[in-house]
1. Please give the number of the condition residue 200 fails out of (1) part of a loop (DSSP other than H, G, I, E, B); (2) under 13 Å from the mean Cα position of the chain (by Cα).
2. Test residue 95 against the stated conditions and say whether it is free of Cβ contacts under 8 Å to residues at least 40 places away in the same chain and among the β-branched types (Val, Ile, Thr).
3. Filter region 174-191 down to residues that are among the aliphatic types (A, V, I, L, M) and farther than 18 Å from residue 33 by Cα and give me whichever is surrounded by the fewest Cβ atoms within 10 Å (Cβ to Cβ).
4. Would you pick out the residues in region 105-119 that are touching a Ser or Thr at 6+ places or on another chain (Cβ under 7 Å) and surrounded by fewer than 20 Cβ atoms within 10 Å (Cβ to Cβ)?
5. Among the helices (runs of 4 or more DSSP H) lying completely within region 20-104, list those that include at least 2 residues that are touching a helix residue (DSSP H, G or I) at 6+ places or on another chain (Cβ under 6 Å) and more than 22 Å from residue 127 (Cβ to Cβ).
6. Identify the residue in region 120-143 that is of a type in the set (Ser, Thr, Tyr) and more than 21 Å from residue 78 (Cβ to Cβ) and, among all such residues, is surrounded by the fewest Cβ atoms within 10 Å (Cβ to Cβ).
7. How many residues are more than 10 Å from the chain's Cα centre (by Cα), assigned to a strand (DSSP E or B) and either of a type in the set (D, E, K, R) or buried (at least 23 other Cβ atoms within 10 Å of the Cβ) (or both) if we restrict to region 144-172?
8. I'd like to verify a number: residues in region 12-64 that are farther than 18 Å from residue 173 by Cβ and either touching a strand residue (DSSP E or B) at 6+ places or on another chain (Cβ under 8 Å) or surrounded by 17 or more Cβ atoms within 10 Å (Cβ to Cβ) (or both), how many?
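Every number here is computed from the coordinates shown, using simple stated rules; none is lab data. Keep in mind that what you see is a predicted model, and the values were worked out from it rather than measured. Glycine gets a Cβ as well: all are built from the backbone with ideal geometry, and neighbour counts include every protein chain shown.
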Amino acid sequence: MQTIEVNTTEMDFRTEEAFKTLRSNIEFSGNDIKTICVTSCTPNEGKSSISFDLACSFAQNGKKVLLVDGDLRKSVMRQRHKKGKVKLGLSNYLVGRAALEECICVTDVKNLCLIFSGPIPPNPSELLGNSRFKDLLVKMRASFDMVIVDTPPLGSVIDAAVVAKSCDGAMLVIESGVISYRFARKVKEQLDMTGCRLLGCVLNKVDIQGKKYYGKYYGKYYGKYYGRYYGTYTNEEA
């Protein structure tokens with residue numbers, strides 16, 4: 001195994017709570033959900049960031065997590081690499097030129113390991129559909145509490161559907177205000193055809209500041225709720 005340092009995201013309170021909620025929702029989906037495929041409709045919707053931060057959230061909660069960079073075409077996960085030499089990746093393993101253990105990176109985030117994509121191959125979808133990838137998921141499912149596979153956008157290439165066939169569940173990241181309902185539905189139907197359970201969708205890049213009703217409504221609601229049960233805070237207590 002290789003040892004590396006990764007760039008982590010500094011979250012504000014609202015974002016951190018959102019990932020805790022997402023993590024809890026996945027945990028309540030069932031004990032059999034241990035391998036998750038993450039995809040999107042188009043590039044730049046933030047699926048890789050969601051995959052990484054979700055993996056960190058599980059790891060911080062005491063789960064042993066493996067994040068697999070399954071985007072063999074145009075990986076952005078390599079940007080998370082900070083210190084330490086990454087010699088081998090997923091493509092090296094899939095073509096039979098490296099053992100699985102040689103491709104796993106132990107990160108400086110406690111409980112989090114990562115497999116980078118490796119060199120770009122000429123046949124990504126074929127490699128992800130071969131028996132070595134299925135064996136990887138079987139082996140890692142036994143060694144880790146959670147395995148998260150970041151994949152290319154399903155609206156662009158078929159790779160995510162190939163990966164989803166071997167996973168316990170799939171998650172679709174959708175950029176707010178960009179992806180149409182019809183397009184999202186079409187991508188969902190592609191996932192459905194794989195037989196993989198769709199755990200849900202993550203609406204990403206939501207302009208909270210622009211939604212005045214959001215803060216007004218929820219601030220009023222939760223203010224009343226918590227005020228009733230916990231009392232009101234004074235400035236000094238806050």
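1. (1)
2. yes
3. Per the criteria, the residue is 178.
4. Correct list: 106, 109, 119.
5. In region 20-104, 47-60 are the helices (runs of 4 or more DSSP H) which contain 2 or more residues that are touching a helix residue (DSSP H, G or I) at 6+ places or on another chain (Cβ under 6 Å) and more than 22 Å from residue 127 (Cβ to Cβ).
6. Here the residue is 131.
7. The total comes to 1.
8. Total satisfying the criteria: 5.
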